[in-house]
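Worksheet: the structure to be examined is printed underneath.
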Amino acid sequence: MTFLLFANSDMVHGVSPVKKVVRFVMPQSRQHRFPRARSSVGAARALAVRWLADWGYVERLEDIRLCVSELAANAVLHGVPPGREFSLEADADGPLLRIGVRDSGGGLPEVAQVDVDMCSGRGLRLVTALADDFGVTAHCPGKTVWVAFKAGCPRSLVNEGIEGASRRQSVAWRGVGAAGAHGSEGEAVRSVTPMVRAAASWFLAQQALPRHQTVKLLDGDFRAHLAFLMPQIERLVAEAPGGGVRATLALAGVEEARRRLAVAERPGLRGEVERVRWLARSVMVLRDHHDALTGGSP
């Protein structure tokens with residue numbers, strides 16, 4: 001949450017005071033409870049990603065998703081007594097993220113030494129390897145198992161920071177065409193791909209209407225990303241031997257994206273939100289096709 005404080009500077013040489021703007025970014029905190037069920041593991045993972053995208057954290061999302069999965073799974077399997085719940089907690093303060101899973105069960109988790117041929121027991125070892133910090137806080141009853149990440153400064157997709165994110169994407173897509181992404185351009189594409197994917201996912205998940213400025217900037221970002229993806233997919237399909245169902249579906253996705261790009265701006269905020277939602281859907285679909293055709297490389 002960003003607060004703007006307006007303060008008047010002192011009058012100098014008879015000149016009227018100048019209004020200064022001081023921005024304070026307040027820490028973010030959210031919590032949600034889940035039942036003791038296997039389906040809660042995926043639900044906790046998806047909610048954590050949604051929170052982070054909402055706050056503007058788009059770095060290290062895959063590491064965080066894996067850690068949340070492991071902590072939630074351990075809570076369901078070992079930490080939550082029958083009939084009870086566990087809670088997912090997330091706190092963000094500048095570049096630091098802390099995510100915890102609290103349950104009411106007894107005992108404390110331990111990072112075990114696992115033999116090579118064992119099929120389980122590696123969850124917490126993976127968590128400690130991915131996170132920047134890991135710990136357990138005991139309660140009465142239960143405990144909170146938490147991880148912390150240095151996730152970089154939030155690139156807010158819902159406040160003033162979106163302009164900077166938009167400019168970075170525009171630079172990354174500029175000059176990257178059907179010939180492919182190589183060298184420094186390829187690195188630029190890799191750096192913003194998680195951002196645009198997170199932006200599309202966040203936009204599609206919104207229940208309330210975003211601000212008009214947010215919609216306009218995301219419209220430009222999605223258009224730029226689609227303009228990069230469409231010739232890339234067409235080139236990959238042309239180079240793929242035999243084509244097949246995957247190639248047919250990918251080309252159909254490209255044609256649908258072109259149709260959506262040709263839709264004119266609509267009157268009113270609701271109309272524009274609906275139009276840009278279709279672009280966000282095309283971004284998600286074409287990214288999946290692109291990853292399937294390339295094995296995940298940009």
Does at least one position in the range 183-197 carry a residue that is surrounded by fewer than 18 Cβ atoms within 10 Å (Cβ to Cβ) and at pLDDT 50 or above?
yes
Residue check: is ARG211 closer than 17 Å to GLY56 by Cα and exposed (fewer than 14 other Cβ atoms within 10 Å of the Cβ)?
yes
Hey, VAL263 hits all of (1) touching a helix residue (DSSP H, G or I) at 6+ places or on another chain (Cβ under 7 Å); (2) assigned to a helix (DSSP H, G or I) but one; which does it fall short on?
(2)
Tell me which of these GLU274 doesn't satisfy, since it passes every other one: (1) loosely packed, with under 14 Cβ neighbours inside 10 Å; (2) acidic (Asp, Glu); (3) more than 22 Å from the chain's Cα centre (by Cα).
(3)
Among the residues of the range 257-271 satisfying the criterion of being in contact (Cβ under 8 Å) with a residue 24 or more places away in the chain and surrounded by 14 or more Cβ atoms within 10 Å (Cβ to Cβ), which is nearest to GLU62 (Cα to Cα)?
ALA257
Cβ-Cβ below 8 Å, separation at least six or inter-chain, first residue in the range 198-220 and part of a helix (DSSP H, G or I), second open to solvent by 70 Å² or more (accessible area, probe 1.4 Å): which pairs?
ALA200/ARG281; SER201/ARG50; TRP202/ARG50; LEU204/ARG281; ALA205/ARG50
Quick check on my filter: what residues within the range 1-56 are among the small types (Gly, Ala, Ser) and either in contact with a helix residue (DSSP H, G or I) (Cβ under 9 Å, 6 or more places away or on another chain) or at pLDDT 80 or above (or both)?
SER29, ALA37, SER39, SER40, GLY42, ALA43, ALA44, ALA46, ALA48, ALA53, GLY56
Quickly run through the range 31-56 and pick out the residues that are closer than 15 Å to PRO95 by Cα and either touching a Cys at 6+ places or on another chain (Cβ under 9 Å) or open to solvent by 60 Å² or more (accessible area, probe 1.4 Å) (or both).
GLY56
Cβ-Cβ under 6 Å pairs, at least 6 apart or on other chains, the range 124-139 side over 16 Å from HIS78 (Cβ atoms), far side part of a loop (DSSP other than H, G, I, E, B)
THR128/VAL111
How many residues does the range 222-252 hold that are open to solvent by less than 10 Å² (accessible area, probe 1.4 Å), closer than 17 Å to ARG277 by Cβ and of a type outside the set (A, V, I, L, M, F, W, C)?
1
The number of residues in the range 111-162 that are assigned to a strand (DSSP E or B), under 28 Å from the mean Cα position of the chain (by Cα) and either at pLDDT below 50 or of a type in the set (A, V, I, L, M, F, W, C) (or both) is 7
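The values are calculated or read from the model by the stated rules, or taken from the named source; none is laboratory data. All figures in this text were calculated on a predicted structure; none of them were measured in a lab. Every residue, glycine among them, receives a Cβ derived from its backbone with ideal geometry; neighbour counts consider all protein chains shown. Heads up: the accessible areas ignore ligands, DNA and RNA and are worked out on the full protein's heavy atoms, side chains in. Shrake-Rupley method; radii C 1.70, N 1.55, O 1.52, S 1.80 Å.
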